[in-house]
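**Q** First the structure, which I've put down as structure tokens, then a few questions once you've had a look.
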Number of protein chains: 2
Amino acid sequence: MTSRLDIHNSDIPVLCRACEARHRGVCGALNPQQLKELAKTSTRKALDSGIELVSEAEPAESYANILSGVVKLTKTMADGRQQIVGLQFAPDFIGRPFRDENMIRAEAATDVHVCAFPKRALDRMIAQSPELGHRLHLQALNELDEARDWMLTLGRKTAAEKVASFLHLIARHVDPEIEAKGTVVFDLPLTRADIADFLGLTIETVSRQITKLRTEGVIAVENNRHVTVFSLERLEDRANL
Amino acid sequence: MTSRLDIHNSDIPVLCRACEARHRGVCGALNPQQLKELAKTSTRKALDSGIELVSEAEPAESYANILSGVVKLTKTMADGRQQIVGLQFAPDFIGRPFRDENMIRAEAATDVHVCAFPKRALDRMIAQSPELGHRLHLQALNELDEARDWMLTLGRKTAAEKVASFLHLIARHVDPEIEAKGTVVFDLPLTRADIADFLGLTIETVSRQITKLRTEGVIAVENNRHVTVFSLERLEDRANL
DNA sequence: GTCGATTGTTGATCGAAATCAAGGAAAATA
DNA sequence: TATTTTCCTTGATTTCGATCAACAATCGAC
């Protein structure tokens, strides 16, 4: 729950291989010289699930690229009610350029590997490299689209539709090129409590809806985590996508 | 409901005065030469409430700056359920650079004045001007923050808290520098139906909660639109901010 | 002004999800 | 292995907001 393993990075290709896809992450936007420069101050970290990357209170002093695992972004009310406002997968970039106060908490939802950079070093590089700034701009726009998609889910969908939408979101992430009719298998990166906080529901309601999808033959679940989606098409119907 | 008045812009100062504040809008980021260039192709438009600026289906062929009024961004499900995923005020920028498919509808919530630019001309300018790209990046990050704030409201707040949060949002926009204890007066830019679509509620529930705030002396309402907030502090308590 | 359409309010009833409660399965710790 | 703790499921009951229904107020057109 609290162990933290820091490995100084001396392996640029591994550091950056994950960053190429989907206009996310920073390494793909840098030239070899910039990469070398950044590698000097970057560190790879293995974070156990539950570890906080960015606090809701204080501004972060570093940025990070996710190499593996899932990070949840949460907001909390004074009385403890919580909402997950975003999920980040490899090779997403974690951090908030150009502003300090962000009032958002980033926490490892699973065990996570990240590549961390000191804020100052990367800020300097952003100022120099328009391509890097553009890359971060694109990720911000992607996250904005995802947030707005989820607002529709939170505001207007039923519990059954919400749970199906969540499973579909994860399935889509496992294989972005997926055909709408195939079978998908994955491990849930979130606990029932996390799913509830993501969907604006209680854990009991999430549990009941998952049971319903199981008994109706849309999915199978082993060990509460390992999920088989038999028909993505049927799942999409349930989600009203 | 469908009239549309186009006035070719020949008045650069008026065009751009609104764009200076809050890192929103594009004009403040341009040099005199770029402004002159952009003014050649820009048009000022007066749009009646209800007019669609951007369709949920086809990609937009132009961008716009809001000069006055309020624009709502909506998402719609196949069965008609709707969710407002963003509200834009002057001098916000409307449009989606770097991507065509956006699956979002922009509609004038009130009568609106905008300054519209052909997409192509502004895209060219974005490519040339890092300052302009940066300005748009900042607006995207602001909108992302707002979207995530609202996700907490949609997912975890009660109906009473949602309505109070909405009124607080509008009040804050009327006067961003507002003291937490003062009285605020404004005209609601949204109908009850719009408020319901913004909060993920029905119009009946919105109406009942507004009535409750009235009878409890937190606000006064005239003609269903003109609102007086007697104590912003009390409103914040209701919203659980 | 009258008429009709739209928009908003209020009341009665219903239902989906929350809450309360208990117990079982899996994982962590000793 | 035994034991504790965490996580998940299932059932009973309650509650908040949705739905159904009627009516009032406001606005626009004539």
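**Q** Report, as an integer, the average count of C-beta atoms from other chains found within 10 Å of each Cβ along A:137-143.
**A** 6
**Q** Sticking with this one: Please give the direction-averaged projected area of the C-alpha convex hull for region A:94-180, in square nanometres with one decimal.
**A** That works out to 8.0 nm².
**Q** For region A:200-234, list residues with backbone N below 17 Å from a point placed 7 Å from the Cα of A:Val185 toward its Cβ?
**A** A:218-232
**Q** In degrees, nearest 10, range 0 to 90: what is the angle between the Cα axis of helix A:159-174 and the longest Cα principal axis of chain A?
**A** So the helix axis and the longest Cα principal axis differ by about 40 degrees.
**Q** What gaps in nm, shortest first, separate B:Leu169 from its twins in the other copies when you place the label 7 Å past Cα toward the beta carbon?
**A** 1.8
**Q** For A:Asp194, A:Asp123, give the ranking by accessible area with the largest first, probe 1.4 Å.
**A** Sorted descending by solvent-accessible area, the residues read A:Asp123, A:Asp194.
**Q** Further question on the same structure: Report, for B:Val185, each distance to the same residue's label point in the other copies, shortest first and in nm; define the point 7 Å along Cα→Cβ.
**A** Copy-to-copy label distances at B:Val185, shortest first: 6.9 nm.
**Q** Continuing with the same structure: Write out the trypsin sites (Lys or Arg not before Pro) in region B:152-241 meeting two conditions: DSSP loop, and at most 14 other Cβ atoms within 10 Å of their Cβ.
**A** Within region B:152-241, the qualifying trypsin sites (Lys or Arg not before Pro) (loop, at most 14 other Cβ atoms within 10 Å) are B:Lys181, B:Arg225.
**Q** How many nanometers, to one decimal and shortest first, lie between the label point of A:Thr228 and those of its other copies, if labels sit 7 Å from Cα toward Cβ?
**A** Result, one decimal in nm: 6.8.
**Q** Set the Förster distance to 51 Å, then compute FRET efficiency between A:Arg225 and B:Glu216 from the Cβ-Cβ distance, nearest 0.05.
**A** Computed FRET efficiency for A:Arg225 and B:Glu216: 0.60.
**Q** Let me check against my output: what whole-number percent is the relative contact order of region B:157-239, with C-alpha pairs under 8 Å and at least 6 apart?
**A** The normalised contact order for region B:157-239 reaches 45 percent.
**Q** Further question on the same structure: Mind checking which aspartates and glutamates have their Cα closer than 12 Å to the Cα of A:Lys40? Skip sequence neighbours fewer than 8 apart in that chain.
**A** By straight Cα distance, A:Lys40 reaches A:Asp11.
**Q** Just to make sure I understand: if all protein chains stay in place, what is the order of B:Asp48, B:Asp187 by accessible area at 1.4 Å, largest first?
**A** B:Asp187, B:Asp48
**Q** Additional query: At 1.4 Å probe radius, can you tell me the per residue accessible area of chain B in Å²?
**A** Result: 45 Å² per residue.
**Q** For region B:99-241, which whole-number percentage of the solvent-accessible area (1.4 Å probe, protein heavy atoms only) is attributable to carbon and sulfur atoms?
**A** Accessible surface attributable to carbon and sulfur in region B:99-241 totals 48 percent.
**Q** Starting from the Kirkwood radius over alpha-carbon pairs of region A:157-239, derive D by Stokes-Einstein at 20 °C in a medium of 1.002 mPa s and give it in µm² s⁻¹.
**A** Result for D is 172 µm²/s.
**Q** Could you work out how much longer the chain between B:Asp237 and B:Glu37 gets when fully extended? Use 0.36 nm per residue separation minus the Cα distance between them, nm to one decimal.
**A** This chain segment gains 67.1 nm when fully extended.
**Q** Just subtract the alpha-carbon distance of A:Arg172 and A:Ala160 from 0.36 nm times their residue separation and send over the number in nm, one decimal.
**A** Here the segment from A:Arg172 to A:Ala160 would lengthen by 2.5 nm.
**Q** Still on this model: Semi-axes, largest first, in whole Å: what does sqrt of 5 times each Cα gyration tensor eigenvalue give for chain A?
**A** Output for chain A: semi-axes of 33, 19, 17 Å.
**Q** Still on this structure, please answer the following. Just reorder A:Ser42, B:Ser231, B:Ser49 by solvent-accessible area, largest first, 1.4 Å probe, all chains present.
**A** B:Ser49, B:Ser231, A:Ser42
**Q** Among all the aspartates and glutamates, which ones have a C-alpha under 14 Å from B:Lys181's C-alpha, if same-chain residues fewer than 8 places away are not counted?
**A** Cα-Cα hits under 14 Å: B:Glu233, B:Glu236, B:Asp237.
**Q** Kindly write out, for region B:37-54 in residue order, the coupling ³J(HN,Hα) from the Karplus curve 6.51 cos²θ - 1.76 cosθ + 1.60 (θ = phi - 60°), rounded to whole Hz, with x marking Gly and Pro.
**A** 4, 5, 4, 4, 10, 8, 10, 8, 10, 10, 10, 6, 4, x, 5, 8, 8, 9
**Q** Let me ask another. Which pairs, out of A:Lys157/B:Lys212; B:Lys72/B:Lys212; A:Lys75/B:Lys72; A:Lys45/B:Lys119; B:Lys72/B:Lys157; B:Lys75/B:Lys119, put more than 31 Å between their alpha-carbon atoms?
**A** Check vs 31 Å cut-off fails for A:Lys45/B:Lys119.
**Q** Nearest 500 deg cm²/dmol is fine: what mean residue ellipticity at 222 nm does chain B get from its DSSP H runs of n ≥ 4 alone, each adding -39,500 (n - 2.57), divided by its residue count?
**A** So the helix-based figure for chain B works out to -12500 deg cm²/dmol.
**Q** Where Rh denotes the Kirkwood radius from the mean inverse Cα pair distance, what is Rg over Rh for the protein assembly as shown?
**A** Radius of gyration relative to Kirkwood radius: 0.97.
**Q** Pairs of Cα atoms under 8 Å, at least six residues apart: use those to get the relative contact order of chain B, whole percent.
**A** 19
The values are calculated or read from the model by the stated rules, or taken from the named source; none is laboratory data. From a predicted model like this one, the values you see are computed outputs, not experimental measurements. Ideal geometry is used to build each Cβ from the backbone, glycine not excepted, and the neighbour counts take in all protein chains shown. These area figures cover heavy atoms from the full protein model, side chains too; ligands, DNA and RNA do not enter into them. Shrake-Rupley method; radii C 1.70, N 1.55, O 1.52, S 1.80 Å.
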